[in-house]
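The values are calculated or read from the model by the stated rules, or taken from the named source; none is laboratory data. Keep in mind that this is a model prediction, so the values were computed, not measured. Cβ coordinates were reconstructed from backbone atoms using ideal geometry, including for glycine residues, and neighbour counts include every protein chain displayed. For the accessible areas, the whole protein counts, side chains as well, though only heavy atoms, and no ligand, DNA or RNA atoms are used. Shrake-Rupley method; radii C 1.70, N 1.55, O 1.52, S 1.80 Å.
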Amino acid sequence: MRIGELARRTGISERALRYYEEQGLLRPARRPSGYRDYDEGAVDTVRDIRTLLAAGLPTALIAELLPCMVNGTAGLAPGCPELVPYLEKERDRISAAIDDLARTRSLLNAIIAATPPENPNPPVCDREPAVELATR
DNA sequence: CTTCTAACA
DNA sequence: TGTTAGGA
């Protein structure tokens, strides 16, 4: 399929798809016309790329990881276990990030729970709202 | 009409 | 990343 179809099927802009190729994340074949030619697997690969990027993994690591997670099997393909240490490091970083967010959520929950609705005597705050608050 | 590369009021 | 120019 050409880039337009892949973009539609993944919801990722053509611009981003070309950028991923530039970063070594995708290696589409080329047609005589020069148009990129993606195989069906590209759809899933793009999903993995988005997931990994969203989690904060560096593109360089993702580029090495993708070819190591071939078929739908579990574990890295043979000849790839050297990546495990890096993956463990990313996993630990993500765990720490999750913990930080959980603390933030707890703090907000405490504030929300301790704030009575329709506060008749609001705390002092003379500043104007920075943004229009939705009234719904 | 679709895609390509290169570049940025 | 978006967008656009200038081509194929």
Listed residue (A:Ser106, A:Ile12, A:Gly34) projecting farthest to the positive dipole end of chain A, Cβ model: A:Gly34
Sites A:Ala60 and A:Arg2, calculated FRET efficiency, Cβ-Cβ separation with R0 25 Å, nearest 0.05: 0.35
Chain A: angle of helix A:84-113 to the longest principal axis, Cα-based, in degrees nearest 10: 20
At a temperature of 4 °C and a viscosity of 1.567 mPa s, determine how fast the stretch A:3-113 diffuses translationally according to Stokes-Einstein, using the Kirkwood radius over alpha-carbon pairs as Rh; express D in µm²/s, rounded to the nearest whole number. 80
Could you order the peptides A:60-69, A:78-87, A:33-42, A:100-109 from most to least packed, using the average number of other C-beta atoms within 10 Å per residue? A:60-69, A:33-42, A:78-87, A:100-109
Accessible surface ranking that places the most exposed of A:Glu21, A:Glu14 first, with a 1.4 angstrom probe: A:Glu14, A:Glu21
Identify unpaired cysteines across chain A, taking unpaired to mean no other cysteine Cβ lies under 4.7 Å from the residue's Cβ. A:Cys125
Find how much the distance from A:Arg15 to A:Ala97 grows on full extension, using 0.36 nm per residue of separation minus their present alpha carbon separation; answer in nm with one decimal. 26.6 nm
How high is the relative contact order of chain A, given as a whole-number percent (alpha carbon pairs under 8 Å, six or more residues apart)? 16
